[in-house]
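The values are calculated or read from the model by the stated rules, or taken from the named source; none is laboratory data. Owing to the predicted nature of the structure, the values given are computational and were not obtained by experimental measurement. Cβ coordinates were reconstructed from backbone atoms using ideal geometry, including for glycine residues, and neighbour counts include every protein chain displayed. Just so you know, the surface numbers come from the protein's heavy atoms only, side chains and all, with ligands and any DNA or RNA stripped out. Shrake-Rupley method; radii C 1.70, N 1.55, O 1.52, S 1.80 Å.
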Amino acid sequence: TNLTSLIDLGTITRSLNTAIEKGPEYFIGIGVPLDEMSNFIYGSFTGLAVTIFNLVPSFTNMFGKGILPNLAEAWSIKDQKRIKKSVESVILVTGLVAIPSGLGICALAREILQFLYASRTSEVLVSYQSLAVLGVGVVLLALTTPVFAMLQAIGRADLPVKIMLIGVAVKLIGNLVLIPIPEINIVGAGISTMVCYAVISVISIKCLCKETGVKLNIGKIFFQPLYAGILCSLGAVLAYSFLISHLGNRLSLLAGIGFGGLIYLFSLYLLDVITKKQIKSLF
């Protein structure tokens, strides 16, 4: 994560200057002088979008750490059934939190930033599209962290470093190619981050399965929570759209998130991903 931030530090401002030179008309409506534009956009992106982007993974990080002793013990005695259960449970629980959070950020990026930074209108204007793209990256980064922890638990601490270097190379190329395009500009940083963690998550999960010999139940772990997460996001957007004219942004956003959360839990129950007892324990 620090490496991707370092790449942003070294490439975004220069790439934005190139984009501004190519197409200054795309930046005029922001209300900032063009000679200060690149620094303003970079500061808005890192201060607003990246801050929200890091919230969910910092929370789901505990799931990977919590499984380390159990998985390491199962690995040492080669208890394949226990290894499979440990791996699937961590990925499932992480996904159950990360998927609705990430998709919700995608769907309501502008509204979330307006809620948290109501007085910073120009910064919200240049950040919300990047945050919407980063919402998908939230899910991917959140899944990557516990998978890296599990690779360490089975004695392959070298793999996360190698995989991360591949992802960082993708991030660097993405920034250099996408951000200088005026029509894309800072959204390119969000896209490259998302693709970076997509590559990392796919490779890391594939390596984990190969090293442990575990065949994941992809439907229950990924697709069913994803389907419920999409319904959650749609419910939140519809509720927000209905309430915004009556309650204003703050209350409508909170109500929409609450409504989406209820739809999510109900969908998980109908899809038999979690039981009624587990739903009660969440509360």
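Can you tell me, using C-alpha contacts under 8 Å and at least 6 residues apart, the relative contact order of the chain as a whole percent?
23 percent
With r defined as the distance between the Cβ atoms of TYR269 and LYS22 and R0 fixed at 45 Å, what FRET efficiency is calculated, to the nearest 0.05?
Efficiency computed from Cβ-Cβ geometry: 0.30.
Rounded to whole Hz and in sequence order, give me ³J(HN,Hα) for the stretch 85-102 from the Karplus expression 6.51 cos²θ - 1.76 cosθ + 1.60, θ = phi - 60°, writing x for Gly and Pro.
5, 5, 5, 5, 5, 5, 5, 5, 5, 4, x, 4, 8, 6, 5, x, 5, x
For the stretch 151-185 and the stretch 79-132, what is the separation of their C-alpha centers, rounded to whole Å?
Each part's Cα centre sits 19 Å from the other's.
Of the trypsin sites (Lys or Arg not before Pro) in the stretch 34-108, which ones lie in a loop per DSSP and count no more than 16 other C-beta atoms within 10 Å?
Sites meeting the loop and neighbour criteria: LYS78.
First check a/c for the stretch 163-283, with a ≥ b ≥ c the square roots of the eigenvalues of its C-alpha gyration tensor; if it is under 1.5, answer rounded, and if not, answer prolate when a/b is larger than b/c or oblate otherwise.
Since a/c reaches 1.5 but b/c is at least a/b, the shape of the stretch 163-283 is classed as oblate.
Per residue, how large is the accessible surface of the stretch 65-214? Use a 1.4 angstrom probe and give square angstrom.
Heavy-atom accessible area per residue stands at 40 Å².
Go through LYS84/LYS162; LYS171/LYS215; LYS85/LYS276; LYS84/LYS206 and tell me which ones have a Cα-Cα distance over 18 Å in this structure.
Pairs exceeding the cut-off: LYS84/LYS162; LYS171/LYS215; LYS85/LYS276.
Tell me the relative contact order for the stretch 108-204 as a rounded percent, counting alpha carbon contacts under 8 Å between residues six or more apart.
The value is 35 percent.
For the chain, give the percent of accessible area contributed by carbon and sulfur heavy atoms, probe 1.4 Å, rounded to a whole number.
C and S atoms contribute 67 percent here.
For the chain, what D do you get in µm² per second when you plug the Kirkwood radius from alpha-carbon pairs into Stokes-Einstein at 25 °C and 0.890 mPa s?
The estimated diffusion coefficient comes to 123 µm²/s.
Under a 1.4 angstrom probe, counting protein chains only, how are ASP272, ASP35 ranked by accessible area, largest first?
Descending order: ASP35, ASP272.
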